[in-house]
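Notes for the one structure printed next.
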Amino acid sequence: MIADDSLIAARNLSLHFGSIPALVDVSVDLWPGEVLAVVGESGSGKTTLLNVLSGRMRPDVGVVWYRDPAGSLADVHAMPAPALRALHRSDWGFVQQDPRGALRMAVTAGGNVGERLMAQGARHYGNIRAEAIDWLRQVEIDEARVDDLPRNFSGGMLQRLQIARTLVTHPRLVFMDEPTGGLDVSVQARLLDLIRSLVARLNLAAVLVTHDLSVARLLAHRIVVMQRGVAVETGLTDQVLDDPQHPYTQLLVSSVLQA
Amino acid sequence: MLETEALSKRFVLHLRDGISIPVLDAVNFSVSSGECVALVGPSGAGKTTLLRNLYGNYRADSGRILVRHNGAMIDIASAAPRQIVAVRAGTLGYVSQFLRVVPRVPALDIVAEAARGMTQDHARETARHLLRRLNIPARLHALPPATFSGGEQQRINLARGFIGRHPILLLDEPTASLDAANAEIVITMIAEAKAAGVAIVGIFHDANVRDRVADRVFQVLPLQDAA
């Protein structure tokens, strides 16, 4: 059954890589304005789940339904490729762990942000530049850097630039794959705070893949715990972390050092 | 405002050979609007467990936890996670013993963000007022509370809990780290909240504080381990 107000409804997703189960009968729902964290260790299938939900990877079995702004449901994996690409350019955003893979390093910071707007049909140079600068400011990048190339940016700045590039088109749903992974702890804290305030202010829905339970606690309303492709536990974030029911979740939670 | 029917809770420790620890057995508890009920009982009896169950932070094994939310009764024990999120946003406030927040966020923002139904400016002004009332000097408002003393952090936490004016407020040891003068302020704030119709459930180790705020006590007794 699919709730009539859900944004994403994935049903019975399974996917094998050879003999390795990456997803085993996983069902997931996401509502507008809700942040869902997918946690688990390396190889648990959490990034695969993100890729299947976002249509980047096709499941062997199962369906991912997406409700468009007009309210009709679309099977993500049955969409023609141009329609899916259009969705990724407008209603959806994707933030990957390594911003270098998402940004164009030979294009200025402002250009990286403005490019997404142009892909949506914006043509007025002054407006595009003004909006790009506004977004740089929102992710706390100094306006003076708008004409600089990203290759001179720090890791944290690159990640913030990727977020600006993603959010400039006002997506309703953002997929994030370890957005704070690989960053220094001090930079992580700043980025977490930024993501948290943007998600709340823009009322974004997000699927957030992270191996870091404290990131999930700070950002997510709900959590899915993955182990060997199986969603072993799901629920309210603080309930799952403070009162874990499944043996694997208990192991994960008890293995974290209390800072 | 809030009641439990035959609420039971046990912890199953899968990493310890699946040992099962029963904590709450068929608890019937209730609190009304404008009333403050203090949970009492020996350490380890399950007072905090009950409080956390009421908030949906711990999962109930059986029984119901009924909360009046927007005129309807919602069962926290069986509600979907996003319903619990909505109940917490609109009805159920919780002040934990220890502050847990995003690093880097200033104390004033932490408090102001918890306000409900106010413009941003009004929220910040109210937060400033509450913090000053709790003797957090203005020079600390712009600082993240990570480096604050235990008592200061607790008062940030209290300001965050009270600014939302939730119809139900759960308080876990709200005065534990406070000196007498600050505890006195919290006692006054609790009295004001009660007068405004807020239903309060709290754990107060300090008998003096408890006697002054609680309309009645609710005994939480340890279960026999043999259960």
Per residue value of the accessible surface for the range A:177-247 (all protein chains in place, 1.4 Å probe), Å²
35 Å²
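Just need the relative contact order of the range A:56-161 here, percent rounded to a whole number, with Cα pairs under 8 Å and 6+ apart. Write out the running numbers ahead of the final one.
Values: 85 pairs, mean separation 24.3, N = 106.
With pairs under 8 Å counted, the relative contact order is 23 percent.
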Given a Förster distance of 30 angstrom, what is the FRET efficiency for B:Leu223 paired with A:Val256, based on the Cβ-Cβ distance and rounded to 0.05?
0.55
I'd like the Kirkwood hydrodynamic radius of the protein assembly as shown, using the inverse of the mean 1/r over distinct C-alpha pairs, in Å.
24.4 Å
Local net charge near A:Val26, Cβ-Cβ under 11 Å (Lys/Arg +1, Asp/Glu -1):
+1
So how far apart, in nm, are the two label points at B:Arg216 and B:Thr147 if each is 7 Å from Cα heading toward Cβ?
4.9 nm
Each label sits 7 Å from Cα toward the beta-carbon; between A:Ser214 and A:Ser19 the label points are separated, in nm, by 4.0 nm
Between helix A:185-202 and chain A, what is the angle of the helix's C-alpha long axis to the longest principal axis, kept within 0 to 90° and rounded to the nearest 10?
90 degrees
Below 18 Å, Cα to Cα, which lysines can B:Lys9 reach? Residues fewer than 8 away in the same chain don't count.
B:Lys47
Part-to-part distance (alpha-carbon centres) for the range B:21-95 and the range A:19-87, which is given in Å:
34 Å
Compute the helix-to-body angle for B:150-163: its Cα long axis versus the longest principal axis of chain B, expressed 0 to 90° and rounded to tens.
90 degrees
Grab the Cα-Cα distance for A:Ala70 and A:Ala119, subtract it from 0.36 nm times how many residues apart they are, and report the gain in nm with one decimal.
15.5 nm
Given contacts defined as C-alpha pairs under 8 Å and at least six residues apart, what's the relative contact order of the range B:93-165, whole-number percent?
50 percent
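Per residue of the protein assembly as shown, what 222 nm ellipticity follows from adding -39500 (n - 2.57) for every DSSP H run with n ≥ 4, rounded to the nearest 500?
Working: 17 runs with 175 residues, N = 486.
So the helix-based figure for the protein assembly as shown works out to -10500 deg cm²/dmol.
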Explain nothing, just the number: relative contact order of chain A, from Cα pairs under 8 Å at least 6 residues apart, as a whole percent.
26 percent
Label-point gap, in nm, between B:Glu184 and A:Ser42 - each point 7 angstrom along Cα→Cβ
5.9 nm
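Using 1/(1 + (r/R0)^6) with R0 = 35 angstrom and r between the beta carbons of A:Arg56 and B:Arg104, what's the FRET efficiency to the nearest 0.05? Don't jump to the answer; show the numbers that get you there.
Numbers: r = 32 Å, r/R0 = 0.93.
Rounded to the nearest 0.05, the efficiency is 0.60.
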Acute angle (nearest 10 degrees) that the helix B:120-133 long axis makes with the longest principal axis of chain B, alpha-carbon atoms:
80 degrees
Per q in 0.10, 0.17 Å⁻¹, report the Debye log10 I(q)/I(0) for the range B:1-139, using one uniform scatterer on each alpha carbon and no solvent.
-0.46, -1.07
Neighbourhood charge, 15 Å Cβ-Cβ cut-off, centred on A:Thr48 and excluding it, Lys, Arg +1 and Asp, Glu -1:
-1
Once fully extended, how much extra length lies between A:Met1 and A:Arg104, figured as 0.36 nm per residue of separation less the alpha-carbon to alpha-carbon distance?
32.9 nm
Quick one: net charge around A:Leu204, please, counting Lys, Arg +1 and Asp, Glu -1 for every other residue with C-beta under 14 Å from its C-beta.
+1
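The values are calculated or read from the model by the stated rules, or taken from the named source; none is laboratory data. Nothing here was measured: the structure is a model prediction, and the numbers come from that model. Cβ coordinates were reconstructed from backbone atoms using ideal geometry, including for glycine residues, and neighbour counts include every protein chain displayed. Side chains are part of the model used for accessible areas, which takes the heavy atoms of the whole protein and leaves out ligands, DNA and RNA. Shrake-Rupley method; radii C 1.70, N 1.55, O 1.52, S 1.80 Å.
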